[in-house]
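Worksheet: one structure, shown below.
Computed from the coordinates by the stated procedures, all read-outs in this text should not be read as laboratory data. All of these numbers come straight from a predicted model, not from anything done at the bench. Positions of Cβ are generated from backbone atoms using ideal geometry, with glycine treated the same way; all protein chains shown enter the neighbour counts.
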Amino acid sequence: MPKVPTVRLTLDPGFRVGAVDRRLFGSFVEHMGRSVYTGIYEPGHPAADPEGFRTDVLALVGELGPTVIRYPGGNFVSGYRWEDGVGPVEQRPSRLDLAWRSVESNAFGLNEFMAWTAKAGVEPMLAVNLGTRGTTEALELLEYTNYPSGTARSDLRRTHGVADPYDVRMWCLGNELDGPWQMGHKTADEYGRLAAETARAMKRFDAGLELVACGSSNAGMDTFASWEATVLEHTYPFVDYVSLHAYYDPSDGDTDSFLASAAGMDEMIDSVVATADHVGAKLRDTKKIKLSFDEWNVWYQSRFGGESSLQWQPVPELIEDVYDVTDAVVVGSLLITLLRHADRVGVACQAQLANVIGPIMTRPGGPAWRQTIFHPFARTARHARGTVLRVEPDSPVLETAKYGAVPALWATATHDEDSGEIVLFAVNRGRTDPLSVTVDLRAFPAARVAEHLVLSDADTTAANTAEQPDRVRPRAVVDTKTDDGTLTVELPAVSWTMIRLSTHASAGGTAN
Ligand code: AHR
C-alpha cells in the first residue's frame, strides 16, 4: 500500500486573520435569464405566495444562508431605468435589455426585491446605473429608497404603498465599466470621475452609506490593476470598497488547474490589496479600502455563446450550468480563500442565486433543488463565525499549468469565542491521493468533535438533478475523535471537509 501523504496544521487563538464579516456570504440576483422570473419570483406557481415569491425557493434560500444580496445587476444594471420597475405593475413598460438581449417586463422591480429580501431575511445591496445614466438618476433612486417623505421621489415611493424608507446601506457604483461589453463602457478616468462625483453626492445625503467602486471585470483584463489604481485615485476619499469579479472555468479540461482555482483568487486579492494600499500611500490617506468580491463562482463560460448569439425573448434560459462534485469542491476552496482574507475582504457575493450559475435550480411550475455547490456554501455560511484563525499547513504541493505549485491541502478555521466552537474547513485539491491531516489542538485542550462532514464521491462528475436532487450532498463521518490534543483525519482526493469542534467543557459534541 502506498503511504498516505501527511499534513500538519495548528489551530491557535493567538494567530488571527480577522473577524468574519457575515457579509462574506452574500449572493446576487440579476435580471438575467431565469434568476428573477421563474427563479425567485413566479406568480401562479403552486408554491408562490400572494406576492408571487416562490416559497420553495425561499425555504432553500433560508437553508443556503446568504446574508446580503446584490441587485439588479450585473451587466443588466448598466442599461436599467429603475423607474420602470416601480408603481402599478400594469403601467410598467416592457423594455429591451441590451445586456442579455432579453425583453424585460419590469413586473419585478425595486419594491418587489425589497419585499423579497425582508421575507428572505437578507440585507439588500443595490447597484446604480453608471453606464447609460449618471449621478442625477443615482441620487433620485437613493431619495426614493432611503428618504422618509416630503420630496418628489420619497412621496412617489409612498404613493407606491411603501410608507417607510428602506435605509439601504450598501451601494455599488455601477458594474464592470472597464468591460467593452458593458453598456456605457468607460475609461478608468471617465469612470473614476463619475464614480467619485456620484459617491461624493451620495455621501452628502448620508455619510454612513457604504459605497463600492468598480474594480476590474476579471484579473485577465489588460487594464487589471491600472484600472483599480486610476479609479481609486479619483474615488479614494468617497468610497469604502473596491469590487472584484472572478469566474473559474472548468471547461478547458485542465482539472488540476481548475481544482487550484483558489490560488488564482488568492493572488487576485493580494494584487488588489497592494494596488489599493499603493493609492492610499500616494494620497497620504491612512484609511484602508476594503474589498467587495461581489461576483465569484464556477462558470462553464465556453458553453455560453456570448451575448450576440442570443435571440430577443423574455426570460431566456441563460447559463444554467449544472454543477458536479469537482465544482462543489472548488466552491468550498474559494470560500476558504475568502475567509483567509477576512482582514480585507468585507463583502463577497456568489453569482448568482437561482438558475443562472446558481446553487439553487428551479423548473418553471415545477420543483426547486440544491445543486452540488449549494452544500459547501450553506455549511460555511452557517458555521464560519467569530474570528478567522491563521492556518498554515505544511502541505505537499501539486504542480498546475495555470498556477504553478499549489498546496494540495487548502484550509482555514474559525473560532467563535461566544459559543466556543472552532470550525476547520479543508479541501484536498489532489486528484489521486488522500491526505492524512493531523491537527494540533494543544491550545484547546477541551476540544471535542461535534460534527465531521465530507463532500466527495467516487464519481467526481456526479451532479444533482430534479430527478435525483440529493445525489450529491455532504456525508457525516462518525467516530472522529480528538486524542490528547490532536485530531487526525483522512481527506479523500477531490474533497471538501468541515469539522466542528466544541471547546467549552459544557458544550455538546461527541465525547472522546
Ligand atoms: O453574473 C453574470 C455576469 O457576469 C454579470 O452580469 C456581469 O457583471 C458579469 O460579467
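In the set (1) assigned to a loop (DSSP other than H, G, I, E, B); (2) more than 16 Å from the ligand (Cβ to nearest atom); (3) surrounded by fewer than 18 Cβ atoms within 10 Å (Cβ to Cβ), the condition left unmet by THR132 is number (2). Within the stretch 30-53, identify whether any single residue is polar (S, T, N, Q) and out of contact with any Leu (no Cβ under 8 Å at 6 or more places or on another chain), and answer yes or no. So far as the stretch 30-53 goes, yes, one or more of its residues are polar (S, T, N, Q) and out of contact with any Leu (no Cβ under 8 Å at 6 or more places or on another chain).
Looking at the stretch 29-40, I want the residues that are touching a residue at least 12 places away in the same chain (Cβ under 8 Å) and have a partner that is among the hydroxyl-bearing types (Ser, Thr, Tyr) and away from the ligand (no atom under 13 Å from the Cβ) with Cβ atoms under 7 Å, at least 6 apart or on another chain. Which pairs are those? Once the first residue is touching a residue at least 12 places away in the same chain (Cβ under 8 Å) and sits in the stretch 29-40, its partners that are among the hydroxyl-bearing types (Ser, Thr, Tyr) and away from the ligand (no atom under 13 Å from the Cβ) give THR38/THR362; GLY39/THR362. For the stretch 331-345, the count of residues that are under 21 Å from PHE258 (Cβ atoms), part of a helix (DSSP H, G or I) and within 16 Å of the ligand (Cβ to nearest atom) is nonzero. Among the residues of the stretch 239-260, those identified as farther than 30 Å from PHE205 by Cβ, within 16 Å of the ligand (Cβ to nearest atom) and either buried (at least 24 other Cβ atoms within 10 Å of the Cβ) or in contact (Cβ under 8 Å) with a residue 60 or more places away in the chain (or both) are TYR247, TYR248. Starting from residues that are closer than 11 Å to GLY179 by Cα, of a type in the set (S, T, N, Q) and surrounded by fewer than 18 Cβ atoms within 10 Å (Cβ to Cβ), keep the ones in the stretch 214-229 and report whichever is nearest to the ligand (Cβ to nearest atom). Once the filter is applied, the top-ranked residue is ASN218.
This table checks each residue for (1) under 21 Å from PRO93 (Cβ atoms); (2) touching a strand residue (DSSP E or B) at 6+ places or on another chain (Cβ under 8 Å); (3) part of a loop (DSSP other than H, G, I, E, B).
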site	(1), (2), (3)
GLU140	yes, no, no
PRO148	no, no, yes
LEU156	yes, no, no
TYR166	no, yes, yes
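Entry remark, the stretch 67-85: residues being in contact (Cβ under 8 Å) with a residue 40 or more places away in the chain, surrounded by 23 or more Cβ atoms within 10 Å (Cβ to Cβ) and away from the ligand (no atom under 15 Å from the Cβ) number 1 in total.
Could you tell me whether TYR300 is under 26 Å from PRO66 (Cα atoms), within 16 Å of the ligand (Cβ to nearest atom) and crowded, with 20+ Cβ neighbours inside 10 Å? Criteria not met by TYR300. Residues that are touching a residue at least 24 places away in the same chain (Cβ under 8 Å), closer than 30 Å to GLY306 by Cα and of a type in the set (S, T, N, Q) within the stretch 153-205 comprise ASN175, GLN182, listed in sequence order.
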